[in-house]
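Accompanying notes for the structure given below.
The values are calculated or read from the model by the stated rules, or taken from the named source; none is laboratory data. These numbers were taken from a predicted model, which means no experiment stands behind them. As a convention, Cβ positions derive from the backbone with ideal geometry for all residues, glycine included, and neighbour counts pool all protein chains shown. Quick note on the areas: whole protein, heavy atoms, side chains included, nothing else; ligands and nucleic acids left out. Shrake-Rupley method; radii C 1.70, N 1.55, O 1.52, S 1.80 Å.
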Amino acid sequence: MQLVKLSKVVLLASSVVWLAACSSTGGKGTGTTDTVEDDSTASITTDSIDGGVDSSSAALLDKKIFLFEFDDSKISPDDYAALDAHASALVANSNKSITIQGHTDERGTREYNLALGERRANAIKKYLVIKGVAPSQIEATSYGEEQPVAFGHDEASWSQNRRAIIITN
């Protein structure tokens, strides 16, 4: 019985250390209510992975940001077409890889938001893998609440911060 309790404590402590190791020191935190352009997506083009796709697929590949509901990591059905285009492009270019960043709004603890951001990034990754993309082509990471794109403290800002972003490597 003592061994089971000790195992649970060790597992819990390992989880906390792992979550802390996944954190970043980023964030712009200026306290303004303006929306800013996310630097991590500003220079992304579809040229690096689309390799000869038609214009409708290219338009779908331009969608790199996928929004989520509050405290949720379910992919919206509205995003399936864009994710299918990303999957097709990655399957056709097996030497290309992406990073999926999971983000959250500011509500919740830091640890909870890191875990939620990870669930969002992994939801996108799982979808792409189901569509045939090799898991080795995808890295999923979480920034939690550390890199907001909107700095207000209202639903309009929070909804923009609850997102996953596909970054082409």
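Yes/no matrix, rows are residues, columns are (1) outside any strand (DSSP E or B); (2) touching a strand residue (DSSP E or B) at 6+ places or on another chain (Cβ under 8 Å); (3) at pLDDT 95 or above:
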residue: Glu69; (1), (2), (3): yes, no, yes
residue: Asp79; (1), (2), (3): yes, yes, yes
residue: Lys96; (1), (2), (3): yes, yes, yes
residue: Gln101; (1), (2), (3): no, yes, yes
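Please enumerate the residues belonging to segment 61-117 that are of a type in the set (S, T, N, Q) and over 25 Å from Gly152 (Cβ atoms).
Quick first cut of segment 61-117, residues of a type in the set (S, T, N, Q) only: 73, 76, 88, 93-95, 97, 99, 101, 104, 109, 113.
Those that are of a type in the set (S, T, N, Q) and over 25 Å from Gly152 (Cβ atoms): Ser88, Asn93, Ser94, Asn95, Ser97, Thr99.
Just to be sure, is Ser94 within 14 Å of Asn169 (Cβ to Cβ) and open to solvent by 40 Å² or more (accessible area, probe 1.4 Å)? Before the answer, list the steps.
Details: within 14 Å of Asn169 (Cβ to Cβ): yes; open to solvent by 40 Å² or more (accessible area, probe 1.4 Å): yes.
Yes; evaluated as a whole, the condition is true for this residue.
Of the residues Glu118, Glu146, Glu111, Glu155, which is open to solvent by less than 60 Å² (accessible area, probe 1.4 Å), out of contact with any Lys or Arg (no Cβ under 7 Å at 6 or more places or on another chain) and under 16 Å from Asp71 (Cβ atoms)?
Values: Glu146 fails: under 16 Å from Asp71 (Cβ atoms); Glu111 fails: open to solvent by less than 60 Å² (accessible area, probe 1.4 Å); Glu155 fails: open to solvent by less than 60 Å² (accessible area, probe 1.4 Å).
Exactly one residue qualifies, and that residue is Glu118.
What number of residues within segment 89-102 satisfy the criterion of being touching a Lys or Arg at 6+ places or on another chain (Cβ under 8 Å) and within 19 Å of Asp62 (Cβ to Cβ)? Working first, answer last.
Quick first cut of segment 89-102, residues touching a Lys or Arg at 6+ places or on another chain (Cβ under 8 Å) only: 89-91, 100, 102.
Among the residues that remain, those that are also within 19 Å of Asp62 (Cβ to Cβ) are: 89-91, 100.
Looking only at that region, the number is 4.
Can you name every residue in segment 51-67 that is open to solvent by 30 Å² or more (accessible area, probe 1.4 Å), assigned to a helix (DSSP H, G or I) and not small (Gly, Ala, Ser)?
We begin by selecting, within segment 51-67, every residue open to solvent by 30 Å² or more (accessible area, probe 1.4 Å); these are 51-57, 59-60, 62-63, 65, 67.
Checking the rest, the ones that are also assigned to a helix (DSSP H, G or I) come to 55-57, 59-60.
Within segment 51-67, just Leu60 meets the criteria.
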